């Protein structure tokens, strides 16, 4: 089996924009040099900003998008942006890395639906509606005590994302916001980087009911490597990662699970999952556990199915 994966979440662009490092080679968790060792991987690159620290959200997001494209252009022989399934297929044929631009947190929208449409035109194909806290779209997972869901504007955003062909990402949402998405979205939606709350009781993880709801909507859950979401001790390894995967396979089935590693968005690392190069071990182990067909579903086919259904060519 070729080591071909789709990872639905990393924060590498945001990180290297601050450190002025290169996407080709850096000291972080993801770079082109390591991605080249896989067969034409598909990497989602999130634009994330801390809502309290990085100034005007829209200006910051536009600067980060510019940085993304500059790094892609500098490394054109190895990587290309992808805004459609056809472009992903072209990159696969040319053995290039596909870079999918995403936004983590709807702060940049500033309550204006026209900004969402503009971000789509700039190549954004997935948006995590909130980070951990409230914004103009809805309430985040770390403010669950507020018992708030999506705002009226947030409902409009989900409907417009469906119409545009942009993936709706429910990671980081409060439970009320999550269920508002479930009621509102007419298309499959994803949790790009979330784990099982029944195993690790953290507000960022998903309940069994939520996991089943994503499967019911024909969406996908991307399992993350962050130790704090893998077990309550905060010290985790690859065995914990597979414990979450095995649980989900039994609960919702192998057709609704993928990878959402959260590389370069985490301060501590799980043993055996320290950076993107370690996904080779994940690929090998998945094939042993679930066979070639099952491994391919988790590694890329499940997310590609959702992309095919949601994105508009």
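FYI, it's all coordinate maths here, none of it is from the lab. Predicted model only: the values in this text are computed from it and were never measured. Here the Cβ is made from the backbone with ideal geometry for all residues, glycine too, and neighbour counts use every protein chain on show.
Stretching the chain fully between residue 113 and residue 250 yields a gain of 45.4 nm (0.36 nm per residue, less the alpha carbon separation).
The tail of the calculated P(r) for segment 1-142 beyond 28 Å holds 18 percent of all Cα-Cα pairs.
Once the chain from residue 183 to residue 122 is taken as fully extended at 0.36 nm per residue, the excess over their C-alpha distance is 19.1 nm. The simple spin-label model puts a point 7 Å past each Cα toward its Cβ; for residue 232 and residue 293 those points are separated by 3.9 nm. Normalised by 2.2 N^0.38 Å, where N is the number of residues, the alpha-carbon radius of gyration of segment 73-231 equals 1.07.
Legend: calculated FRET efficiency, residue 21 to residue 312, from the Cβ-Cβ distance at R0 = 45 Å, rounded to 0.05, equals 0.85. Decide, for segment 157-213, between rounded, prolate and oblate: order the square roots of the alpha carbon gyration tensor eigenvalues as a ≥ b ≥ c, take rounded if a/c falls under 1.5, and otherwise choose prolate if a/b is larger than b/c, else oblate. Judged from the Cα gyration tensor, segment 157-213 comes out prolate (a/c at least 1.5, a/b above b/c).
The mean of 1/r over all distinct Cα pairs in segment 155-258, once inverted, gives the Kirkwood hydrodynamic radius of 13.8 Å.
Pairs of Cα atoms nearer than 8 Å and 6+ residues apart set the relative contact order; for segment 6-310 it is 17 percent. Once both labels are positioned 7 Å from their Cα atoms along Cα-to-Cβ, the gap between residue 86 and residue 216 label points is 3.7 nm. Among beta bridges from DSSP that stay inside the chain, the antiparallel ones total about 5%. For segment 6-310, the Stokes-Einstein estimate of translational diffusion at 20 °C and a viscosity of 1.002 mPa s comes to 113 µm²/s, using the Kirkwood hydrodynamic radius over alpha-carbon pairs. With 10 Å bins beginning at zero, the pair-distance distribution over Cα atoms of segment 233-313 amounts to 16, 47, 31, 6, 0 %. Can you bin segment 80-170 into rounded, prolate or oblate? Criterion: square roots of the alpha carbon gyration tensor eigenvalues sorted a ≥ b ≥ c, rounded for a/c under 1.5, prolate for a/b above b/c, oblate for the rest. Prolate. FRET efficiency for residue 160 and residue 50, Cβ-Cβ distance as r, R0 = 25 Å, nearest 0.05? Computed FRET efficiency for residue 160 and residue 50: 0.45. Sorting 106-113, 3-10, 95-102 by average packing, meaning the other beta carbons within 10 Å per residue, from highest down gives 3-10, 95-102, 106-113.
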